[in-house]
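> Shown below is the structure under consideration.
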Amino acid sequence: MQNNFNAAVLTLGCRVNQYESDCIISEFINLGFNIKDFNDICDVYVINTCTVTAASDKKSRQMIRRAKKLNPDALIAVCGCLSQREPDIIQADIIFGASEKVKIPQTALDILTNNNIDVMKSEAKRVRPPPELYENINAYNSEKTRAYIKIQDGCGAKCSYCIIPQVRGGVKSRKYADIYAEIERFDALNYHEIVLTGIEISSYGKDLENIDLISLLEKLDSEQDLDNIISIRLSSLDPSVITKDFIDRLSKLNKIANHFHLSVQSGSAKILNLMRRKYNPDTIIKNIERAKEKIKDLNITADIIAGFPGETNEDFCETIEIIKILNIYRAHIFVYSKRPGTDAAGFDGQIEESVKKSRSKKLSEVCEKIREKIHENNLGKEFDVIIEDYNKSGKTGFYTAKTRNFLDVKINACEEENNSGETKKIKIKDYNKNYLTGEII
């Protein structure tokens, strides 16, 4: 099937949104649309929105306005968390929320091929509540070198700062057979790494019988027919899932990447309690120390919030301390942002913006020093990596790659070598605070 319509999809926010956008793009392709860059002139623009912070809301609205300027006659479709939370503020022709967004391509095609366009547009403006069960959608394309597989949606936590459970609903886990079928498709397309993603993958299986995250990983690791998949990576983990049992069982698996991305958020027990997180700093430190003993070269990245209400200088110093103890390689540092509808927005002790930004900068500097030391410690080591994109800098070119434990690498290369997507053994020859430099051996 082929038509003459062009479509572009812009994704804001998390990896779950990116996966869902991949599903939307797959459906556009199935219906014969040409997929274009968002800055091109298109018949349909899709903006998959985020609402995790006030800045995310602002960015989403900006992108909607940009699409209208690019082509005033185009169909504007908006979906995702912002349109689920505040559909009345969205100015678009097609509006979906957290679910059923893969119906956008068919809706757009119906409108574009129907004579009564105004009526069709009016009927398309709808937002449905999040489904109670997992909405089994599928992607048929992903990044060049790794495929993102969504294994669950929703969240049962009630963190005081987070709006996402209100727009995504409760925990909904994907059935194993559906997860495996999608991984199998990407294996057949010669992908070498998959990333398991979701709103809170640590809660995977809570709504199913006889399965949880670690047993899911054990099942995937034991599959004999995945010939090309050599690495299974986990997206963000709640530290509470890193228990002794989890570590002991995970350490026996072959394909699971030796990298955890933890939603640490703070090193202060007081602040974690105010956030209503399910762990304390001592528990994180104890369990990660055990994990590093059992899992060779385990690397840690993390999410950190700077300037949560009530955060004193002492609390902030405790966050710096846990970053150092855990030896966090990279941190996604979020300056705390009030979200209307969350409890934390009404907390006493709101921190001035200048203080929040200063603390955020300090946290970045601490991680930068740790990262450079980790890079230094890997000088001369050899790694098997999956080659990513080719980039040109002046007269020279380089590939980017990540080691299995998520260290950033640049590899000197000529464009005509065309190694993107292949696995190669490299040796680390140099480093700086941002990345390692290696060569193919």
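> Considering only segment 150-170, state which residues are under 23 Å from Y336 (Cβ atoms) and crowded, with 16+ Cβ neighbours inside 10 Å.
The answer is C155, A157, C159, S160, Y161, C162, I163, I164, P165, Q166, V167, R168.
> Further question on the same structure: Please list, ordered by first then second residue, the pairs with beta carbon atoms under 6 Å, 6 or more apart or interchain, first in segment 289-304 and farther than 15 Å from I325 by Cβ, second among the β-branched types (V, I, T).
Pairs found: K294/I247.
> Right, next: In segment 326-352, what residues are open to solvent by 60 Å² or more (accessible area, probe 1.4 Å) and touching a strand residue (DSSP E or B) at 6+ places or on another chain (Cβ under 7 Å)?
Hits for segment 326-352 are N327, R330, H332, F334.
> Can you tell me which residues in segment 264-288 are open to solvent by less than 10 Å² (accessible area, probe 1.4 Å), outside any loop (DSSP other than H, G, I, E, B) and touching a residue at least 12 places away in the same chain (Cβ under 8 Å)?
Across segment 264-288, the qualifying residues are V264, I271, M275, I284, I288.
> Out of all the residues in segment 347-367, is one or more closer than 17 Å to Y431 by Cα, among the β-branched types (V, I, T), in contact with a Lys or Arg (Cβ under 8 Å, 6 or more places away or on another chain) and modelled with pLDDT of 95 or more?
No: zero hits.
> Across segment 279-330, what is the number of residues that are closer than 17 Å to V241 by Cβ and more than 21 Å from the chain's Cα centre (by Cα)?
Of the residues in segment 279-330, 17 are closer than 17 Å to V241 by Cβ and more than 21 Å from the chain's Cα centre (by Cα).
> Counting only residues that are in a helix (DSSP H, G or I) and of a type in the set (V, I, T), which one in segment 353-390 is surrounded by the fewest Cβ atoms within 10 Å (Cβ to Cβ)?
Once the filter is applied, the top-ranked residue is V355.
> Name, by its number, the condition in (1) under 18 Å from L31 (Cβ atoms); (2) aliphatic (A, V, I, L, M); (3) open to solvent by less than 40 Å² (accessible area, probe 1.4 Å) that does not hold for A147.
Evaluating A147 over (1) under 18 Å from L31 (Cβ atoms); (2) aliphatic (A, V, I, L, M); (3) open to solvent by less than 40 Å² (accessible area, probe 1.4 Å) leaves (1) as the failure.
> Also, quick follow-up: For segment 129-159, how many residues are among the charged types (D, E, K, R), part of a loop (DSSP other than H, G, I, E, B) and closer than 17 Å to V171 by Cα?
The total comes to 3.
> I've got another one for you. Could you list all residues from segment 391-407 that are among the basic types (K, R), outside any strand (DSSP E or B) and over 28 Å from K296 (Cα atoms)?
K395
> Scan segment 104-119 and tell me whether some residue there is within 26 Å of S142 (Cβ to Cβ), open to solvent by 70 Å² or more (accessible area, probe 1.4 Å), touching a residue at least 12 places away in the same chain (Cβ under 8 Å) and touching a helix residue (DSSP H, G or I) at 6+ places or on another chain (Cβ under 9 Å).
yes
> At pLDDT 95 or above and touching an Asp or Glu at 6+ places or on another chain (Cβ under 6 Å), is that true of F28?
Considered against the rule, which asks whether it is at pLDDT 95 or above and touching an Asp or Glu at 6+ places or on another chain (Cβ under 6 Å), F28 comes out as no.
> Would you check which residues across segment 42-92 are open to solvent by 10 Å² or more (accessible area, probe 1.4 Å) and among the polar types (S, T, N, Q) and list them?
If the condition is that a residue be open to solvent by 10 Å² or more (accessible area, probe 1.4 Å) and among the polar types (S, T, N, Q), then T53, S56, Q62, N71, Q84, Q91 are the ones that fit.
> Also, I was wondering about something else. Scan segment 163-178 and give yes if some residue there is at negative phi, in a strand (DSSP E or B), in contact with a His (Cβ under 8 Å, 6 or more places away or on another chain) and polar (S, T, N, Q), otherwise no.
No, that holds for no residue.
> If you don't mind, there's one more thing I want to ask. Which pairs do you get when a residue that is over 16 Å from C162 (Cβ atoms), found in segment 190-207, comes within reach of a residue that is of a type in the set (D, E), reach meaning Cβ atoms under 7 angstrom, with the pair 6+ apart or on two chains?
Short answer, once both residue conditions are applied: Y204/D212; G205/D212.
> Something else: Residues that are under 19 Å from the mean Cα position of the chain (by Cα) and farther than 23 Å from S122 by Cβ, at least 3 per element: which helices (runs of 4 or more DSSP H) completely within segment 1-106 meet that?
It comes to 15-30, 54-70.
> Among (1) in a strand (DSSP E or B); (2) without any contact (Cβ under 8 Å) to a residue 40 or more places away in the chain, there is one condition S215 misses while meeting the rest; what is its number?
The one condition S215 does not meet is (1).
> List every residue pair whose Cβ atoms lie under 7 Å apart, where the two residues are 6 or more positions apart in sequence or sit on different chains, the first residue falls within segment 220-232 and is at negative phi and of a type in the set (G, A, S), and the second residue, located anywhere, is surrounded by 13 or more Cβ atoms within 10 Å (Cβ to Cβ) and in a loop (DSSP other than H, G, I, E, B).
Correct list of pairs: S231/H192; S231/K255; S231/A257; S231/R404.
> What residue, among those in segment 187-211 that are small (G, A, S) and under 30 Å from S420 (Cα atoms), is modelled with the highest pLDDT?
Only one residue tops the list, namely G198.
> Between a residue in segment 340-367 that is under 15 Å from A306 (Cα atoms) and any residue that is in a helix (DSSP H, G or I) and of a type in the set (F, W, Y), which pairs come within a Cβ distance under 6 Å, given they are 6 or more apart or on different chains?
Within 6 Å, the pairs are R359/F316.
> Could you identify the single residue in S236, S222, S203 that is open to solvent by less than 10 Å² (accessible area, probe 1.4 Å) and of a type outside the set (V, I, T)?
S203
The values are calculated or read from the model by the stated rules, or taken from the named source; none is laboratory data. Owing to the predicted nature of the structure, the values given are computational and were not obtained by experimental measurement. Positions of Cβ are backbone-derived with ideal geometry, glycine not excepted, and every protein chain shown enters the neighbour counts. Remember, those area values only see protein heavy atoms, side chains included, never the ligands or the DNA or RNA. Shrake-Rupley method; radii C 1.70, N 1.55, O 1.52, S 1.80 Å.
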